[in-house]
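Written out below as structure tokens is the structure these notes cover.
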Amino acid sequence: MGATGVLLGGVLTTYWRQRGVKDAAFRTATGVGGMILPAAAAPIVANPDVSILLFGIAVFCLTFASGASAAALQEVTPNRLRAQTSAIYFFGINFIGIGLGPLYIAVITDYVLRDESQIGRSLARAERRLSRTCRRVPDDSCAPNVRTLAEPRLTG
């Protein structure tokens with residue numbers, strides 16, 4: 001599902017760009033929001049087959065936005081800052097995802113629920129809380145992104 005999401009995200013971005021949508025990469029990157037409900041439900045459903053299907057949908061939506069989000073960042077960054085901006089972006093994504101994500105789940109499991117067998121509930125709770133922030137980000141950044149893309153660029 002992951003590779004399919006990356007490929008279809010790129011196809012959609014190209015499709016929109018060919019039709020004159022200036023913020024095509026940003027719009028595709030907001031597709032990550034499609035993972036909210038499946039990711040919240042997957043760890044707590046009783047049927048393992050349904051859980052795997054929901055995780056597959058969540059992974060598809062997450063990877064759908066992966067290439068487009070990096071492209072959207074490059075579109076609004078001046079040429080001389082693109083390497084540093086990409087480095088900060090990927091450091092942040094990896095630090096949060098690999099470092100703080102598992103720690104957050106462990107804290108909920110150990111200190112809030114106080115039961116190691118409730119890791120599925122911990123995942124669902126963490127996703128539910130973090131998805132509130134994820135839902136606000138596209139709304140808060142869409143208009144500034146379009147304004148930045150409309151500004152004339154200096155070359156050199």
Problem set entry | Estimated vicinal HN-Hα couplings, Hz - the stretch 4-18 in sequence order (Karplus 6.51, -1.76, 1.60; Gly, Pro = x) | 4, x, 4, 5, 5, x, x, 4, 5, 4, 4, 4, 5, 5, 5
Exercise. Over the stretch 1-77, how many percent of alpha carbon pairs lie in each 5 Å bin up to the one with the longest distance?
Worked result: 3, 19, 23, 20, 14, 10, 7, 4, 1, 0
Seminar exercise, completed: Rounded to one decimal in nm, the spacing of the 7 Å Cα→Cβ label points at Ala46 and Met1 is 2.2
Exercise. Can you list the HN-Hα couplings for the stretch 84-100, worked out from phi with the Karplus curve (6.51, -1.76, 1.60; θ = phi - 60°), rounded to whole Hz and with x for Gly and Pro?
Worked result: 5, 5, 4, 4, 5, 4, 5, 4, x, 4, 6, 5, 5, x, 8, x, 7
Problem set entry | Spin-label pair Gln74/Phe95, simplified geometry with 7 Å Cα→Cβ offset, distance in nm | 2.3
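Tell me the mean residue ellipticity at 222 nm calculated for the chain from its helices only (DSSP H runs of n ≥ 4, each -39500 (n - 2.57), averaged over every residue, nearest 500). Mind showing how you got there, number by number?
Details: 8 runs with 108 residues, N = 156.
Only helices count here, giving -22000 deg cm²/dmol.
Stretch Tyr15-Leu113 to full length: gain in nm at 0.36 nm per residue minus the Cα-Cα span? Intermediate values should be presented prior to the final figure.
Values: separation 98, 0.36 × 98 = 35.28 nm, distance 4.60 nm.
Full extension from Tyr15 to Leu113 adds 30.7 nm.
Looking at the chain, identify the longest residue range that excludes and avoids all trypsin sites (Lys or Arg not before Pro) in DSSP loops having at most 16 other Cβ atoms within 10 Å. Walk me through the numbers on the way to the answer.
Working: sites that count: Arg19, Lys22, Arg114, Arg153.
The longest such stretch corresponds to 23-113.
Taken together, the values in this text are just the output of simple stated rules run on the coordinates, not laboratory data. Note that the coordinates shown come from a computational prediction; the quantities given were computed from them, not determined experimentally. Virtual Cβ from ideal backbone geometry, glycine too; neighbours counted across all protein chains shown.
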